[in-house]
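Notes follow once the structure below has been shown.
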Amino acid sequence: MKILYAASEAQPFASSGGLADVAGSLPKALVKAGHECSVVMPYYKNTIKPEQQKDFKFLKNFNVPVGWRTQYCGVFTYESPEGVIYYFIDNEYYFKRDFGVYGYYDDAERFAFFSRAVLEMLWHIDYTPDIINSNDWQCALIPVYYRIYYKYNHNLRNVRNVFTIHNIAYQGQYGLNLLEEILSIPRHMANIVEYDRDVNFMKGAIETADKVTTVSPTYATEILDPWFAHGLDRILRSKQYKTCGFLNGIDTDMYNPSTDKDLAANFRVNSKAGKKTCKTALLGEAGLPDGDEPVIGMITRLVEHKGLDLVKSVFDRIIGLGYKAVILGSGDSVYENFFNEMKYRYPENVAFFCGFIPQLAKKIYAGSDMFLMPSKTEPCGLAQMISLRYGTVPIVRATGGLKDSIIDCGDSGGTGFTFLNYDAEDMFSAVHRAYDAYGDRKTWNALVSRAMKADFSWSVSAKLYIGLYEELMSWN
Ligand code: GLC
């Protein structure tokens, strides 16, 4: 099968979150399973490292319609050592920006251009995929444009579209005045993207894609409920027949405690001594005294839906139990200020690093004993799986992918501590249970081993995607 995976970010080139991890690792797994998989993404000239760019090869250039205009589009290509082919859509006006990959006044136009360019590219480079798997709102116009402009093109008529929702909170909602002039959608087809008197990119994809997937089975059910769906539950309920959820995997080569060069020492399930060395090194780097107390790690964007209000309301009591905490993240100032204050209040127990530093993240995964992730909503979540791999026991709220990946210790084969209600007391009691369990070294050691043995490689989920793609191809 020939699969084209379209994403607005992908490891190792540009990343602002979990989407980049998935776009970096699922295609590798598809290639490993014997399929041809390409990734197409914008060519962010100021974000992708120059040493990576020097290996890109220019392939073609052409013009792409944007409303009443056309815009330049170049295509560069690169083949990774694992055999994934990358296509980079080049237009400096849209993608050579200074401050990250999103958040500009013209994001709607930038990603409408990108989506149209992906489909134009197929004709220009003479490439006909069997499947296009588009991801999140930035690529949501791909199935929409396919339906409007490319479906009846002789070469492309058998292409099938899958659309994957990584987070329903970001939908690409804009005023209807963008419809013709920016998005090139004829007025008589406005119904495809119109939702609640706005243009909604994600709604357009849910409407037009052959299948809609999301990143965990639980989240696929949750988003039928208004509490989770940010308004899209109505359209999703009507498209339930084509919607499903597959749990993400992680890149087990990139996150491997037995080979990871960023760690003070390596370790594996049968020889865990290195984990203690990692803990001592982490405490040193964090400016905290070494000791045997449990270390709780958090690596997160500091935004409300990550459950930080719960953490705020019982943080003093968590430290009071005897925990040390190492937190890495940035985001809303109310949470940044809070963790800064905690660092000053508890200089011997709390370290806070504001920002995102990938090497430090791995040291926290490896050097902590527990990992706290009390999200209000979590489509999949990757950090809890990475923690397991590094022998760090997750404490999570049972929602979305957290529910699908972490079994509570009270059940057989448990790998972590879970709580159900979005309630600070419930979270505190899970943190308390973890503290008590840590005190019993033998049981704790067995728990860490179980955590490290949990398999979240792509081997299972890649098969589910392949099954879905095959089903779509059998329609031809
Ligand atoms: C988004 C979701 C996260 C998920 C990731 C990859 O960032 O918020 O839960 O793990 O996408 O699918």
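The values are calculated or read from the model by the stated rules, or taken from the named source; none is laboratory data. Bear in mind the structure is a predicted one, so any value in this text is a computation, not a measurement. Cβ placement follows ideal geometry from the backbone for every residue including glycine, while neighbour counts extend to all protein chains displayed.
Testing ILE395 on (1) over 24 Å from THR252 (Cβ atoms); (2) among the β-branched types (Val, Ile, Thr); (3) out of contact with any Asp or Glu (no Cβ under 8 Å at 6 or more places or on another chain); (4) not in a helix (DSSP H, G or I), one condition comes back false. Which one is that?
So ILE395 meets the others, but not (1).
Run down THR214, THR243 and say which single residue is out of contact with any Lys or Arg (no Cβ under 9 Å at 6 or more places or on another chain) and modelled with pLDDT of 95 or more.
Only one candidate passes the filter, namely THR214.
Across region 52-107, what is the number of residues that are under 30 Å from GLY175 (Cβ atoms), among the polar types (S, T, N, Q) and in contact (Cβ under 8 Å) with a residue 24 or more places away in the chain?
2
Could you pull out every one of the strands (runs of 3 or more DSSP E) wholly within region 1-100 that has 1 or more residues that are hydroxyl-bearing (Ser, Thr, Tyr) and away from the ligand (no atom under 16 Å from the Cβ)?
36-42, 69-79, 85-90
Which residues, taken from region 200-234, are closer than 18 Å to LEU141 by Cβ and either part of a helix (DSSP H, G or I) or without any contact (Cβ under 8 Å) to a residue 60 or more places away in the chain (or both)?
Within region 200-234, ASN200, PHE201, MET202, LYS203, GLY204, ALA205, ILE206, GLU207, THR208, VAL212 qualify.
Could you please give the count of residues in region 364-387 that are within 14 Å of the ligand (Cβ to nearest atom) and either aliphatic (A, V, I, L, M) or assigned to a loop (DSSP other than H, G, I, E, B) (or both)?
Total meeting the criteria: 13.
When region 149-172 is examined, which residues are found to be surrounded by fewer than 18 Cβ atoms within 10 Å (Cβ to Cβ), more than 16 Å from the ligand (Cβ to nearest atom) and touching a residue at least 24 places away in the same chain (Cβ under 8 Å)?
Hits for region 149-172 are TYR149, ASN153, ASN155, LEU156, ASN158.
Which one of the conditions (1) more than 16 Å from the ligand (Cβ to nearest atom); (2) within 27 Å of GLY103 (Cβ to Cβ); (3) in contact (Cβ under 8 Å) with a residue 40 or more places away in the chain does TYR145 fail to meet, given that it meets all the rest?
The single condition TYR145 does not satisfy is (3).
Return the only residue of SER459, SER412, SER405, SER375 being closer than 27 Å to ILE165 by Cα, hydroxyl-bearing (Ser, Thr, Tyr) and surrounded by fewer than 20 Cβ atoms within 10 Å (Cβ to Cβ).
None of the other options fit; the residue is SER459.
Going through ARG345, ARG397 one at a time, which residue ends up being crowded, with 17+ Cβ neighbours inside 10 Å and basic (Lys, Arg)?
ARG397
Of all the residues that make up region 207-224, how many are more than 16 Å from the ligand (Cβ to nearest atom), within 19 Å of MET473 (Cα to Cα) and either under 19 Å from the mean Cα position of the chain (by Cα) or of a type outside the set (Lys, Arg) (or both)?
Going through region 207-224 one residue at a time, the tally reaches 3.
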